[in-house]
Amino acid sequence: MKKVTTDKAPAAIGPYSQGIIVNNMLFASGQIPLDPATGEIKGGTIEEQAEQVMRNIGGLLEAAGSDYAKVVKTTCFLANMEDFGAFNGVYEKYFTEKPARSCVAVKELPKKVLCEVEVIACVE
């Protein structure tokens with residue numbers, strides 16, 4: 001196992017790693033819309049927060065030697081399912097290869113953010 005660490009995504013705020021590579025697969029921890037430089041929540045709307053989440057995921061993918069085209073599975077968590085359409089509008093700009101996906105609404109997310117996304121990706 002190899003831990004992935006980057007300053008292009010928020011540092012872990014608990015007892016976990018940003019990502020782990022096993023057998024050429026990246027298992028990335030869920031990303032919320034924290035600005036990696038400040039640790040502050042970025043954006044007030046679902047679109048703004050989703051954009052920051054995608055930037056954080058991009059930073060993790062890059063640090064692992066992967067990219068969006070190599071993502072095979074995403075799990076998306078929304079604070080409100082009414083945000084589903086707007087979230088998808090941002091999501092589809094990044095995940096153009098259409099990986100397998102789960103998307104659920106949850107009661108609450110860390111720091112009361114509107115969305116969180118985790119990915120599993122191939123690493124070469």
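The values are calculated or read from the model by the stated rules, or taken from the named source; none is laboratory data. From a predicted model like this one, the values you see are computed outputs, not experimental measurements. Cβ: placed from backbone, ideal geometry, glycine included. Neighbour counts: every protein chain shown. Side chains are part of the model used for accessible areas, which takes the heavy atoms of the whole protein and leaves out ligands, DNA and RNA. Shrake-Rupley method; radii C 1.70, N 1.55, O 1.52, S 1.80 Å.
For Val123, the residues 5 or more places off, or on other chains, whose built amide H falls under 5 Å of its own are Met25, Leu26. Database remark: amide H of Arg101 closer than 5 angstrom to the amide H of Thr74 (H placed geometrically; neighbours at sequence offset of 5 or more, or on other chains; Pro and chain starts carry no H). Taking Asn23, Asn80, Asn56 as the candidate residues, the one with maximal mean-square fluctuation in a Gaussian network model of the chain, Cα springs under 10 Å, is Asn23. Dipole check for region 25-103: with +1 at the C-beta of Lys and Arg, -1 at the C-beta of Asp and Glu, and the Cα centre as origin, the magnitude is about 340 Debye.
Phi angles of region 109-117 translate, via the Karplus equation with coefficients 6.51, -1.76, 1.60 and θ = phi - 60°, into HN-Hα couplings of 10, x, 6, 6, 6, 8, 7, 8, 9 Hz per residue; Gly and Pro are given as x. Mind pulling the angle between the C-alpha long axis of helix 46-64 and the longest principal axis of the chain? Nearest 10 degrees, somewhere in 0 to 90. The two axes meet at around 0 degrees.
For Met25 and Glu82, the FRET efficiency from 1/(1 + (r/R0)^6), where r spans their Cβ atoms and R0 equals 30 Å, is about 0.35. Averaged over its residues, the chain has an accessible area of 53 Å² per residue, based on protein heavy atoms and a 1.4 Å probe.
Can you tell me the orientation of helix 84-94 relative to the chain, as the angle in degrees between its alpha-carbon axis and the longest Cα principal axis, to the nearest 10? That works out to roughly 30 degrees. Just to confirm a number: summing +1 for Lys and Arg and -1 for Asp and Glu over residues other than Gly43 whose beta-carbon lies under 12 angstrom from that of Gly43, what do you get? Every neighbour counted, the sum reads -3. Mean-square fluctuation check for the chain, GNM, Cα pairs under 10 Å: which of Gly65, Gly44, Gly30 is largest? Taking springs between Cα atoms under 10 Å, the residue moving most is Gly44. Quick check: Cα centre of region 1-41 to Cα centre of region 91-115, how many Å? If you average the Cα positions of each part, the centres end up 16 Å apart.
Amide H contacts of Gln31: Val117, Glu118, each under 5 Å away and 5 or more positions distant or on a separate chain (H built 1.01 Å from N in the peptide plane; Pro and chain starts excluded).
The residue list Met54, Phe95, Thr6 was ranked by how far each Cα lies along the charge dipole of the chain toward its positive end, using unit charges on Cβ atoms, and Thr6 comes out on top.
Taking 7 Å steps out from each Cα toward its Cβ at Glu124 and Met1 produces label points 2.7 nm apart.
Over the chain, DSSP H runs of length four or greater, each weighted -39,500 (n - 2.57), average out per residue to a 222 nm ellipticity of -8000 deg cm²/dmol.
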